[in-house]
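Participant: This is the structure, below, for whatever I ask next.
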Amino acid sequence: MGSIKQVIVVRADLGMGKGKIAAQVGHACVIGAENVRKSHPAWFEKWWAGQEKVVLKVNSEKELNEIKLAAIDLNLPWAEVTDAGHTQIAPGTFTCISIGPAPENLIDKITSDLKLL
């Protein structure tokens, strides 16, 4: 099976503060992990021991949508986070996506060119 990791891709163009980014990434981690716990329990179990996470960035909603579509094409589990709009950004803003936990070699096919947040 190889290494299992979770990648969160965040929009850097929104001007979110550090705390806001941390909250959005937290939402993505929890939602994504819970989805995988139900859909791919073997991946989840292997990931749970170390819970490897990587946070990357894109510069637009268009780029984030392209990553999401690539995950769908590879049949990778993903979770989309949209903001409630209570603080810094408008309600319904697509802020980040979680991919996995899933095999690292598959996730890297669509995220290896992205930069760390």
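Please treat every number below as a calculation from the coordinates, not as lab data. Predicted, not measured: the structure shown is a model, and the values here were computed from it. Using ideal geometry, Cβ is built from the backbone for each residue, glycine included, and neighbour counts are taken over all protein chains shown.
Participant: Could you size up the charge dipole of segment 4-116 around its Cα centre, putting +1 on the beta carbon of Lys and Arg and -1 on that of Asp and Glu, and report it in debye to the nearest 20?
Facilitator: Charge dipole of segment 4-116: 240 debye, to the nearest 20.
Participant: What residue among LYS68, LYS53, LYS38 has the largest mean-square fluctuation in a Gaussian network model of the chain, using Cα springs under 10 Å?
Facilitator: Its mean-square fluctuation being the largest, the pick is LYS38.
Participant: Among ASP73, ASP83, ASP13, which one moves the most in a GNM of the chain with springs linking Cα atoms closer than 10 Å?
Facilitator: For the chain, modelled as a Gaussian network with Cα springs under 10 Å, the answer is ASP73.
Participant: Shape call for the chain from the C-alpha gyration tensor, a ≥ b ≥ c root eigenvalues: rounded (a/c under 1.5), prolate (a/b greater than b/c) or oblate?
Facilitator: It comes out prolate by the Cα gyration axes.
Participant: Something else about it: Run through the DSSP bridge list for segment 4-116 and note the antiparallel percent, rounded to the nearest 5.
Facilitator: Roughly 70 percent of the beta bridges in segment 4-116 run antiparallel, per DSSP.
Participant: Among VAL54, VAL10, VAL30, what is the fewest-to-most ranking by other Cβ atoms within 10 Å?
Facilitator: VAL30, VAL54, VAL10
Participant: Using only helices, what value at 222 nm comes out for the chain when you add -39,500 (n - 2.57) per DSSP H run of length 4 or more and divide by the total residues, to the nearest 500 deg cm²/dmol?
Facilitator: It lands at -13500 deg cm²/dmol.
Participant: Can I ask one more? Put +1 on the Cβ of every Lys and Arg and -1 on every Asp and Glu Cβ in the chain; which of GLY17, SER3, LEU64 then has its Cα farthest towards the positive end of the dipole?
Facilitator: GLY17
Participant: Let me ask something additional. Can you tell which of SER39, SER98, SER60 shows the greatest fluctuation in a Gaussian network model of the chain with Cα springs below 10 Å?
Facilitator: Largest GNM mean-square fluctuation: SER39.
Participant: For segment 1-101, state which GluC sites (Glu not before Pro) are in a DSSP loop and have at most 16 other beta carbons lying within 10 Å of their beta carbon.
Facilitator: Counting only loop positions with at most 16 other Cβ atoms within 10 Å, the GluC sites (Glu not before Pro) in segment 1-101 are GLU52.
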